[in-house]
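Laboratory data are not the source of any read-out in this text; all were calculated from the coordinates shown. None of these values were measured; they are calculated from a predicted model. Positions of Cβ are generated from backbone atoms using ideal geometry, with glycine treated the same way; all protein chains shown enter the neighbour counts.
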Amino acid sequence: MGSGLRGATFDFNEKNNLEKIYQNYFLECARFYDKQSASIIRNWILDFTTFLFFGVLLIFSTPQILIFQTFFIESLLSLSETTKCFFLIFFLDLLVGFHSSKSWEIFLQFILEHFGFQIYQNQNFIAFFVSTFPVFLDTIFKYWIFRYLNKISPSTVATYQAMIE
C-alpha cells in the first residue's frame, strides 16, 4: 500500500513538472513574439516618420536640391568618356550583373524581415523577383543609354559599346 501511494505521488510530481515546463516554454514563446511584434510596429512607425520628414525636407529645400543637382551634373560632364563608361558599367553590373542576384535576395530578405513578413512563406516571391526585376532594370538602363545618353554624349555610348564588346 505504501508503494502505491509513492507511485501516485511520483505521477503527480511528474505531471506538475511537465506543466511547469510547458508553461515556461509558452511564456518564452509569448515574450519572443511580443518583442518581435513591438519591433515590427516600431520599424513601421520610424520608417513612416523618416519618409514624412524626407518629403518635407524635399519640399522646403528645393533651391538647395537644384544647386546640388547642377553640381552633380557638372561633375559628371567633366569626367572623361572612359571614366563615365567605367562608372556606367560598374553600376549596371552591380545592379543587374551576374553576381547581383544574391545581393537582391539578401536585400529582399532584409526588407521582408524589417517589415515583419515571414521569409519562409515568401521564398517564391523572392525567387520570382530576383529572376525578373534585374532583367527589367537592365532593359530600362539599356534603353536609357541608347535613347537619351546617345543624344547627350554619343562618344560615351560608343566607348561603352566598345568596352562591352
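Of note:
- Stretching Leu137 away from Glu14 to a fully extended chain increases their span by 38.1 nm, per 0.36 nm per residue minus the current alpha-carbon distance.
- For the peptides 113-120, 154-161, the ranking by mean Cβ contacts within 10 Å, running from highest to lowest, is 154-161, 113-120.
- Burial ranking of peptide ranges 121-133, 26-38 (average Cβ count within 10 Å, highest at the top): 121-133, 26-38
- Correct choice for volume of the Cα convex hull per residue in Å³ that was computed from the model, options (1) 133; (2) 174; (3) 152: (2)
- Additional length obtainable on full extension of the chain from Gln23 to Thr82, 0.36 nm per residue less Cα span: 14.5 nm
- For region 56-62, 3J(HN,Hα) per residue [Karplus equation, 6.51 cos²θ - 1.76 cosθ + 1.60, θ = phi - 60°, Hz, x = Gly/Pro]: 4, 4, 5, 5, 8, 10, 4
- Net charge of neighbours whose Cβ lies under 12 Å from the Cβ of Ile111, counting Lys and Arg as +1 and Asp and Glu as -1: -3
- Using the Cβ of Ile73 as centre and a radius below 15 Å, the other residues enclosed give a net charge of +1, where K and R count +1 and D and E count -1.
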